[in-house]
Amino acid sequence: MQLTKYSQLIINVLNSVKGAVGLGIIVCFSLFPFLRPLITKYPPEAVGVGAPNQPPSSLHPFGTTSLGQDVLSQFLTGGLIPIEVGILTGILTSILVIVIGIPAGYYAAKYSGKFLTLITDIFLLIPALPLIILLGVYLGPSLLNQVLVLTLISWPFPARVVASQVMSLKERGFILSAKVIGASDTGIMFNEILPNVINLIISNSILVIIFAILFQAALSFLGLGVPTQPNWGNMLYYALQSGAIASGEWWWVLPPGIGIFMVAFAFSLLFLRLEEVLGLEVS
């Protein structure tokens, strides 16, 4: 029954222009790194495949970098890592929201719930970007560290939202009935409450994915990413360091910027469609 319910939810999300276009963009950018050899013969890291700082041409449709690297090859390769970081951050954040947000709402009147709420509120008060920079410098550059840092700053807000919803749900009749028949608190939280807030968690996880994609690009642009990673943030970082932005070499800057926007836009379309579907279900 649950499988049928969530399968139908996925079908409803994708059975629209927003859902289909959003998923299509995400799938395309996820596959581009594997299809790159069929589109361009130049590896993204190869130096001197063309003259430096050349605008788009028949040999290099997106131009070249200051080291003579093919911008098209880098663009096609650069989208997978932001998508991976975003999705992994969304998954880990959802786990923390379940583990912290649900108990915080369920035990809101007890010390344990108040403690979890206090921890959540403290993290909400910490400015995101300075914390990302500090942790990025301290932990060092790696894909795993990026995911962990982004997860650490992403979970408090959705956890607070879920906790508020749980506080309302726990007064409902079906929860009180479960208590009367002797169900444990853990059983109530994961068998009764979780199914009623899972849609909210999924919806918030997509927002977290968008947030993580943008901040992953920001980290790389600030030089706090993995230098050897082929991603759009690194493209912008090296373009800045080489003076491409100041000298107007738009062909090096525009593709990664458009890529970041398109992937964030694609997940936004999925979020909007999901909100429509869940709204229909609620009504």
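Below are the figures for this structure:
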{"read-out": "Segment 233-258, residues that are closer than 14 Å to Ile213 by Cα and in contact with a Leu (Cβ under 9 Å, 6 or more places away or on another chain)", "value": "Gly233, Pro256, Gly257"}
{"read-out": "Ala163 being surrounded by fewer than 20 Cβ atoms within 10 Å (Cβ to Cβ) and not β-branched (Val, Ile, Thr)", "value": "no"}
{"read-out": "Pair list, Cβ under 6 Å, 6 or more apart: segment 67-82 residue aromatic (Phe, Trp, Tyr), other residue modelled with pLDDT under 95 and part of a loop (DSSP other than H, G, I, E, B)", "value": "none"}
{"read-out": "Counted residues, segment 125-160 - those being outside any helix (DSSP H, G or I) and either surrounded by fewer than 20 Cβ atoms within 10 Å (Cβ to Cβ) or more than 14 Å from the chain's Cα centre (by Cα) (or both)", "value": "5"}
{"read-out": "Meets criteria (under 30 Å from Pro156 (Cβ atoms), part of a helix (DSSP H, G or I) and aliphatic (A, V, I, L, M)) for Ile210", "value": "yes"}
{"read-out": "Residue within segment 75-96 that is outside any helix (DSSP H, G or I) and among the polar types (S, T, N, Q) present", "value": "no"}
{"read-out": "Selected residue (only one of Val71, Val85 is touching a Ser or Thr at 6+ places or on another chain (Cβ under 7 Å), surrounded by 24 or more Cβ atoms within 10 Å (Cβ to Cβ) and under 28 Å from Ala212 (Cα atoms))", "value": "Val71"}
{"read-out": "Conditions (1) closer than 20 Å to Thr93 by Cβ; (2) at pLDDT 90 or above; number of the one not met by Glu275", "value": "(2)"}
{"read-out": "Conditions (1) among the small types (Gly, Ala, Ser); (2) touching a residue at least 24 places away in the same chain (Cβ under 8 Å); (3) assigned to a helix (DSSP H, G or I); number of the one not met by Ser220", "value": "(2)"}
{"read-out": "Met262 part of a helix (DSSP H, G or I), at pLDDT 90 or above and surrounded by 17 or more Cβ atoms within 10 Å (Cβ to Cβ)", "value": "no"}
{"read-out": "Counted residues, segment 224-251 - those being under 27 Å from Asn145 (Cα atoms) and buried (at least 17 other Cβ atoms within 10 Å of the Cβ)", "value": "15"}
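The values are calculated or read from the model by the stated rules, or taken from the named source; none is laboratory data. Model, not experiment: these values are computed from the prediction. Don't worry about glycine lacking a Cβ; one is built from the backbone with ideal geometry, like all the others, and counts go over all protein chains shown.
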